[in-house]
1. Let me confirm something: among Gly448, Gly433, which residue is within 14 Å of Ala69 (Cβ to Cβ) and of a type outside the set (A, V, I, L, M, F, W, C)?
2. Taking segment 204-222, which residues are buried (at least 24 other Cβ atoms within 10 Å of the Cβ) and within 21 Å of Gly380 (Cα to Cα)?
3. For residues that are within 16 Å of the ligand (Cβ to nearest atom) and among the aliphatic types (A, V, I, L, M), tally how many sit in segment 121-136.
4. Say we look at segment 137-161 and pick out the residues that are more than 12 Å from the ligand (Cβ to nearest atom) and not in a helix (DSSP H, G or I); which of these is farthest from Asn125 (Cα to Cα)?
5. Would you mind stating whether Ala118 is under 27 Å from the mean Cα position of the chain (by Cα), free of Cβ contacts under 8 Å to residues at least 24 places away in the same chain, more than 15 Å from the ligand (Cβ to nearest atom) and over 15 Å from Ser336 (Cα atoms)?
6. Among all residue pairs at least 6 apart or on different chains, which show Cβ distances below 6 Å where the first residue, located in segment 352-368, is surrounded by fewer than 17 Cβ atoms within 10 Å (Cβ to Cβ) and the second is outside any helix (DSSP H, G or I)?
7. Output the number of residues of segment 115-136 satisfying the condition of being more than 16 Å from Gly299 (Cα to Cα) and part of a loop (DSSP other than H, G, I, E, B).
8. Pairs needed: first member in segment 72-93, among the aromatic types (Phe, Trp, Tyr); second member anywhere, modelled with pLDDT under 95; C-beta distance under 7 Å; at least 6 residues apart or different chains.
Amino acid sequence: MDANKYIHVAQGAPFKGSRDGEPGIPSTQQALSSLHYLVEHFGIDMRRSIVHEGAENLSYEIREIVGVARTIRDMGVPIVWENIGDPIEKGEPITPWIRDILHELVDMSSSWGYCDSAGVIETRNFLAEQVNIREGGISISPDDLIFFNGIGDAVARVYGGLRREARVLGPSPAYSTHSSAEGAHSGYNHVTYALDPYNHWMPDVEDIRNRVKYNDSIAGILLLTPDNPTGAVYPREILDEIVHIAQEFKLFIIADEIYAHIVYEGYPRLHMSQWIQDVPALSMRGISKEYPWPGARCGWLEMLNRKKDANFATYCDSLLAAKRLEVCSTTLPQMSIPQVFGDERYPAHLKRRAKTFSDRSIEAYEAFDGCDAVISNKPGGAFYYTIMFKPGVLNNQQTLPIDNKAVRERIESLVHGVTPDKRFVYYLMGQTGIVVVPLTGFQSAHEGFRFTLLECDDAKRAWIFKTIREAIDTYIASA
Ligand SMILES: Cc1ncc(COP(=O)(O)O)c(C=O)c1O
């Protein structure tokens, strides 16, 4: 195959969204469309296609919007990143005593080597013990824990390790890492149940039941509590109903609990091990959001009721077997967990952070108060805020005034054929520099957007919330 020829052709292939020969910003899907274009028009001569059937399902709007924002920044608009849940990037200071623990560990040679494939044994002992002391919960052993290079990695392994026909029903709106991985594994669009914006984004349990009942390929149910992007925290009654459905239809459950320690005062603080009863299940947990140390790439799976079902047990074994092929996950962050989680200062650290995000969620709620165009549900945990536009309020004529001509033209070129909420998001970016993520990018039929509660500068945060609110009012009134 003549590589130069293909590179040349690829550069000339039109991306959706590019205009008049300008370079477009290719998303994953656009890059794949271009690939199909190449195949159709130029007949790539590889013996057989090497692209996985599910490849078109890999999309991550949270990061894809970054490419667009960078071009706007290059045109002179200062960018305010509200798209990604990285507390460090947003300026949260590293907690000094946690940093000290890490410094000491770096001085230990053992933190530089490989560890057990499943993860550092002392850490797995410690974490199993933490599960086992929870009130009313089930017990696990250290062998029921496997470490990964972050939950992002665990997600890829968990769905990738499933039989292709075995589907996992997940929420909509969906956190893209899960929905994309499930879609990519199956080769079909992710199967979803509704979270109800008119009921604080709670799962529609009837919808779950019906989807499970009428689709016998569904083998598991995914839930996130606290949820991303909505910040909803589920009460015991809803979790019990989901457990009953799993029991009735013999399903397993996955709970992404990465925000389990960021639950605001007054909301239920439940861990999966406390509500799962006898259902085979995977809990996903990590340190990215709570030390917080996202760059550590360290997360783990708790395999609950692993031995209660032979099929589930074999599947869990296959996850460990796959991990062995990879040797192991990051050692240093794993070694820090017993010291950090076990430190007497840690509970206060978690409490302070949960209070901080809770206070900021109230500020955001107040900023959107009285805005008739939107549904604004105050979150109960995590550090995101989702605003939904009421049905029918957006159209493809609405705009925001953008003084900078080049930026205005760029935004106008980008909004053709995009979803109405993405159109708003682009105009918001062009006018104010604030980058948020369109809700339709979270596998959602509802229009809206997600921003974070991570901005540490109080004045800047107040400006962000106020500016977004004003932008909504202006945009809606514009046409
Ligand atoms: C719900 C959820 N799960 C997993 C992750 C990724 O976690 P990790 O950094 O451990 O890969 C994120 C990151 O934003 C998240 O929001």
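1. So the residue among Gly448, Gly433 that is within 14 Å of Ala69 (Cβ to Cβ) and of a type outside the set (A, V, I, L, M, F, W, C) is Gly433.
2. Matches in segment 204-222: Leu222 only.
3. Qualifying residue count, segment 121-136: 1.
4. Ranking the candidates gives Gly161 first.
5. no
6. Tyr365/Lys378
7. 4
8. From residues that are among the aromatic types (Phe, Trp, Tyr), the pairs are Trp81/Glu89.
The values are calculated or read from the model by the stated rules, or taken from the named source; none is laboratory data. This is a predicted model, so every value here is computed, not measured. Note that each Cβ is placed from the backbone with ideal geometry, even for glycine, and that neighbours are counted across all protein chains shown.
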